[in-house]
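As structure tokens, the structure follows; a few thoughts come after it.
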């Protein structure tokens, strides 16, 4: 399977479309107005992973009343997609439910440890600290909706807890009923308890007659009917409208059109990134037709992606915890097949590790939309076999050490100058 | 449907606390003075409001608070209305019991504040007044003022009035288990006239509030009055929990 791609919770991602095998994947991620204004993280989370045979995805809605709901959403979303991507297609709903329930229970201790280790800053006002400590004791919670589309089996396996919605449409755009489905707000997954307020809901069905499926968070509220048919532009307009309402909530949507294909044009050309000497940065020539670039990064400890809008300078400055990162660049477009991954270039970051666990898995980006990938060992097929262009960065002066050393030299020189001036004064002026 | 508007940072709910700090609040209830127990309960509900307003470390101003402490006179404790994020920075105020019990003056102050605020918060959740006392009023009868207040409101519904009566003489039968208590179900449950006066000054619990209270484990009956006999610390905590039970986004 290819890498798991995750949308970054610290930024907003406008409506975008990608082609994976025979499906067109459209997604959008917008934080609530409060979070946007305060520069906070979104509580929703989107992840996906696919190839020509299967597509796994998850949308999670972190419970803001719980402790850092964004953490549970991210933790669970990554786990669900990783699990579904490797899961043999289930034989029946009960087998699927039992396997999922076992996984939800198995992931709980790891999440509980993650949350317990999450620091609460000592400089916060006592009332806020008390509130956060109370929330931390109760754990982090998230609703979820995850699905596996198996093209070989021609079938869909979906599971959820909470009120995120899964909607299916036929080739005429008519919504198909899901009479057995129940969307219960009280149901969620908790880092403290695992599955909460009941067993997870599951759905197993053949994809015959299904042309499209949409998963979205409850932030779309009463306007969710607008999702029956949309364009990228109308989706962005709807998001803008919803964000202007007093009840503005995080918005996340992932839409899958089966048996789709990009315009019958060649894939985008592969970018040719070069290391910017003296900086942990890449630069490349613009690729004709590209609407954004995705920089795939891998280190020993973590992997992630950062998107760079094509309207901005085609450069990437690495801002990440200390380490050596293998970087590849890909060109993407809403209307054309993505390029292959570029040859690898190594960059070294000299920044100190971030102490905050919440930010452990996130890059510090400067770009509006950043994606993260997992499973660093699994390079995409298009990148395998390409020669690695290893930079000479290790021989260069570490970027973070240089300013300090320079300041030290300057200070010593200033002190010597001052001393000499005093001596000169006493010798010549008296 | 009334009382379904959610408290958000752009449509925060206004909550006015009227706290009796008369001399009798210095009396002991268990091992603490009544006034200290009220401070503790206020701290607890403020913490809960902060928790309900917080995403990560960000406190959204979903609640606006005013606190009037009253004895013979009324004191504006916060110097006007404070949003919950401002309240977080200032912390919980301290109270010293003294003087008489001019309940009517306190409700009059609340009425004046509502008259100023309501034109600007029509799209917000209905405001709530949480009145806490431990004894019968002195001076004017507050009932007519409260009845006027209960006719004021926003598009979400009329102003809600909650009364917390710190006394062990309000109910004929003591409450055995706070979590299974269904509320004051009839006037016949009440043991004295002032309790009956407070009953008439209490709004019925909106269904949305009742459901929020269920989340905290309380099982109040639909339509029960917002009148809480506060015989114990647990009951005071429950009563203050009600004051923060406006649905939030």
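Read the figures in this text as sums done on the coordinates, not as results from a lab. All values derive from a computational prediction rather than experimental measurement. All Cβ positions, glycine included, derive from the backbone under ideal geometry; neighbour counts span all protein chains shown.
Worth a mention:
- Most to least packed among A:34-44, A:204-214, B:173-183 [average Cβ atoms within 10 Å]: A:34-44, A:204-214, B:173-183
- Averaged over peptide B:48-54, the number of partner chain Cβ atoms lying within 10 Å of each residue's Cβ comes to 6.
- Cα gyration tensor shape for the protein assembly as shown, rounded if a/c is under 1.5, else prolate or oblate: oblate
- In segment A:263-334, the ratio of gyration radius to Kirkwood radius, Rg to Rh, stands at 0.99 when only Cα atoms are counted.
- Estimated FRET transfer efficiency (residue B:234, residue B:4; beta-carbon r; R0 35 Å; 0.05): 0.75
- Residues B:193, A:61, sorted so that the one with the fewest Cβ neighbours within 10 Å comes first: B:193, A:61
- Chain lengthening between residue B:192 and residue B:120 when straightened (0.36 nm per residue, less Cα-Cα): 22.0 nm
- Selected from B:148, B:233, B:200 as most flexible by GNM, with chain B as the system and alpha-carbon contacts under 10 Å: B:148
- Computed FRET value (nearest 0.05) for residue A:313 with residue B:75, which takes r as the C-beta separation and R₀ as 56 Å: 0.40
- Additional length obtainable on full extension of the chain from residue B:90 to residue B:182, 0.36 nm per residue less Cα span: 29.5 nm
- The protein assembly as shown: calculated mean residue ellipticity at 222 nm from DSSP helix runs of at least 4, using -39500 (n - 2.57): -8500 deg cm²/dmol
- Ordering of A:114-127, A:84-97, B:34-47 by packing is B:34-47, A:84-97, A:114-127, highest average first (other Cβ atoms within 10 Å, averaged per residue).
- Exercise: per-residue mean of other protein chain Cβ atoms within 10 Å, A:33-43: 4
- Sorted ascending by nearby beta carbons within 10 Å, beginning with the fewest, B:150, B:28 become B:28, B:150.
- Between residue A:247 and residue A:334, the modelled labels are 2.8 nm apart [label points 7 Å from Cα along Cα→Cβ].
- When B:20, A:225 are arranged by Cβ crowding within 10 Å, least crowded first, meaning fewest neighbours, the order is A:225, B:20.
- A simple spin-label model places pseudo-atoms 7 Å from Cα toward Cβ; at residue A:285 and residue B:43 they are separated by 6.9 nm.
- Averaged over A:119-131, number of beta-carbon atoms from partner chains that fall within 10 Å: 5
- Between residue A:89 and residue B:151, the simple label model (points 7 Å from Cα in the Cβ direction) yields a spacing of 6.9 nm.
- Available extension along the chain between residue A:133 and residue A:117 is 4.6 nm, counting 0.36 nm per residue and deducting the alpha carbon span.
- Global form of segment B:13-243, assessed from the alpha-carbon gyration tensor, a/c cut-off 1.5: rounded
- Selected from B:87, B:228, B:165 as most flexible by GNM, with chain B as the system and alpha-carbon contacts under 10 Å: B:87
- Judged by the gyration tensor of its Cα atoms, with axes a ≥ b ≥ c, segment A:5-257 is oblate; a/c meets the 1.5 cut and b/c is at least as large as a/b.
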